[in-house]
Amino acid sequence: MKGVHVKSVDLRRATSVPSPGPTRGRGKIPGAVLLLSISFLAGTLAFAQALSNPFDIGLGVRAMGFGGAYTALAEGTEALLVNPAGLGWTRAIHGDSTLANVLGLYAVTWLAGAFPNFGGGLVYSGVGDITDPGGNQLAFSHLALTVGVGLDLALLRVFPFPAAGGVALKYHRIQIADQSGSGFALDIGVLGRAPTPLGEARFGVTLRDLGLGPTVGTQPDAWSLDFTVGAALLSPIGLSASLDLGSEYTALGLGWAILGLAEVRGGVRFQGGFTLWALGLGVRWGMFALDYALLTHPVLSASHRFGFGVRF
């Protein structure tokens with residue numbers, strides 16, 4: 001998982017476990033759980049060295065049902081999370097919300113809206129009521145906002161095939177212990193599509209988290225830049241297959257839409273030396289949509305994501 005490095009906040013005290021063993025009580029958690037929680041919030045299972053980016057934990061429920069292999073499929077509000085070029089091909093008004101339980105450690109909430117060519121969203125994650133073995137408060141919160149714009153490039157004849165391009169600006173506000181910081185980042189993406197005998201082929205390219213990064217305390221740090229290329233095939237019988245090759249991960253996904261009423265999804269994701277399996281289900285009823293995704297982890301608990309959306 002990507003993160004932004006923070007040198008000014010000393011988290012080593014948070015991840016150290018005293019030899020007599022941790023205590024359990026109100027406002028305290030076991031040392032082993034504390035170590036895993038702070039380490040994950042830092043974007044790694046080792047000792048904390050960076051803060052996680054909430055846009056990188058798979059807030060798009062349909063996208064995560066594909067294991068995150070969504071660079072070439074992104075449209076609507078999920079384009080803000082994966083590939084902003086998808087806003088250029090968004091044809092309806094979308095309103096979406098997501099509640100994600102990440103590895104059983106903490107929760108993240110996502111609220112977003114999109115309409116043709118534009119979109120915006122808000123994400124919040126926080127962990128409170130936590131103290132280290134020394135009784136020091138380790139409350140953590142991360143508020144992030146994003147706005148994006150996409151354009152169908154067909155009229156510009158930039159490419160010899162239908163294409164779209166987009167950009168999304170992200171603002172982060174971080175609070176950890178008694179220090180806070182903020183920063184900006186930019187996502188840039190391109191999508192293309194072409195007919196094939198098997199269905200519509202799609203392909204996409206994204207450059208994510210381009211920016212100077214936030215400053216927490218007195219030390220600014222650069223974002224972890226992610227470059228991803230993706231490809232997908234949409235068959236006329238409702239089957240979808242997708243592939244993402246990124247600097248941070250590799251993912252494969254499959255989906256089967258049934259009569260336009262439901263979609264069953266599955267995927268596999270290779271990231272950080274781990275193999276993560278994904279399952280997803282989406283149900284449509286008129287203008288409403290319900291989505292669920294499960295992402296396993298070989299060491300920690302599985303992550304659950306629930307989404308509710310409307311389409312106009």
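Can you work out the FRET efficiency for the pair Ile93 and Tyr124, with r the C-beta to C-beta distance and R0 = 25 Å, to the nearest 0.05? Efficiency at R0 = 25 Å is approximately 0.60. Full extension of the segment from Val229 to Leu245, taken as 0.36 nm per residue of separation minus the current Cα-Cα distance, would add 5.2 nm.
Spin-label model, Leu145 to Trp285: label points 7 Å out along the Cα-to-beta-carbon direction sit 3.5 nm apart.
Suppose R0 equals 30 Å; then what is the FRET efficiency for Tyr171 and Leu261 from their Cβ-Cβ distance, rounded to the nearest 0.05? Show your work: numbers first, answer last.
Values: r = 38 Å, r/R0 = 1.26.
Working from the Cβ atoms, E equals 0.20.
Neighbours of Met287 by Cβ distance under 13 Å: Lys/Arg scored +1, Asp/Glu scored -1, total +1.
List the chymotrypsin sites (Phe, Trp or Tyr not before Pro) within region 117-182 that DSSP assigns to loop and that have no more than 12 neighbouring Cβ atoms inside 10 Å.
Sites meeting the loop and neighbour criteria: none at all.
On the beta carbon distance between Thr196 and Gln271, with R0 = 30 Å, the FRET formula returns roughly 0.55. Sequence gap at least 6, Cα distance under 8 Å: using those rules, report the relative contact order of region 57-311 to the nearest whole percent. The normalised contact order for region 57-311 reaches 21 percent.
Since every read-out is calculated from the coordinates, none of them should be taken as a lab result. The shown structure was predicted, so the numbers you read here are calculated from the model rather than taken from an experiment. Positions of Cβ are generated from backbone atoms using ideal geometry, with glycine treated the same way; all protein chains shown enter the neighbour counts.
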